[in-house]
Structure formats: structure tokens, C-alpha cells
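Colleague: Would you mind keeping the following structure in view while I ask a few things?
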Amino acid sequence: MKVLITGAFGYFGTALRRRLAAEHKVFAVGRTAAATLEARDVADTEAIVHLAGGGAPGGHSPDPRAAHCDNVESALRILAIAAPGTRLILASTIYVYGTGSRPFVESDDRRPDTLYGQLKAVAEAVWRQHGGVALRFSHIYGPGGDPARDGV
């Protein structure tokens, strides 16, 4: 299967890219390349894993315009070029539930109380309208991350 991974060079994207490459043909792109993709570039892609999107500690986005571009506009661009029938997976966040401290479950109401959570909720809604699914991650951090600071 040919799989497009956007955000393929980030912490999570690198791990996913390496894992999928053992069994699939992986088309890996970073932020800049994802913004320039066209339908012909992904015509034979069977699945798209859209990991691109800016997060921020505590769900706070210091640059609202950049956060909108990273999370909503990037999802719209990918959806616009995806062929019908392509499997669509969007990386989202538990911040769509708000910033409460309890464990969340899928059936909980979505009450995003940060810009980041609100933008991810919008991206999820649009993604689902195109038949995609969202995976809500919590506290992914890479090299230089601090579990105490990042709340893991």
C-alpha cells in the first residue's frame, strides 16, 4: 500500500515512517512539501496520515494565524487533493475535550477551551465530512521534552 505521511520528519512522524516503511511504500513529506502537493502527486496513494499541525504546551498557541494555517488550512489542502476512497487519518489532540485533568473517553463532550483545541476540533469535523478518522494524542514529546513539564 502507498501511504502519504505529512509531518513525516517530526518526532511521531519519524517513528511512524520507519515502522510503515517495512511493509508499505511510504511517501513522506514535511511542512513545506505538504503545502505544495498537488492531486497528481498523490493520485495512487491509498492512505494519508496527516500528522502536520502545530501544537503548543498546554494547548496554547502563541501565533493564532500560524496555528490556523498549521491545523485547519493544512487539513483542507490535503483533503482537496485526496482521491476518492483514500483512507484518511488525522492526528488530533485531547485538547478538543478542554484542559481538564481527568482521563477522557471518546464519548465525552468536546469543549475545547484553547485556540489549539478549537482548531483541532474544526479540522476533525472537516476531516470526518470527507470520510476520515481522527486519532487524539496526548502529551507526545520528543528529544528535549521534559515529562515533568509536559505533564506526562
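Colleague: Does the stretch 1-26 hold any residues that are open to solvent by less than 70 Å² (accessible area, probe 1.4 Å) and over 19 Å from Leu76 (Cα atoms), and which are they?
Modeller: Scanning the stretch 1-26 gives Lys2, Gly10, Gly13, Thr14, Ala15, Leu16, Arg17, Leu20, Ala21, His24, Val26.
Colleague: If Thr45 passes every condition in (1) farther than 18 Å from Ala123 by Cβ; (2) open to solvent by 80 Å² or more (accessible area, probe 1.4 Å) but one, which one does it miss?
Modeller: (2)
Colleague: Any chance you could count how many residues in the stretch 86-114 are open to solvent by less than 80 Å² (accessible area, probe 1.4 Å) and modelled with pLDDT of 95 or more?
Modeller: Qualifying residue count for the region: 4.
The values are calculated or read from the model by the stated rules, or taken from the named source; none is laboratory data. As the structure is a prediction and not an experimental result, all values here were calculated from the model. FYI the Cβ positions are ideal-geometry reconstructions off the backbone, even for glycines, and counts take in every protein chain you see. Keep in mind that these areas ignore ligands, DNA and RNA; they rest on the heavy atoms of the full protein, side chains included. Shrake-Rupley method; radii C 1.70, N 1.55, O 1.52, S 1.80 Å.
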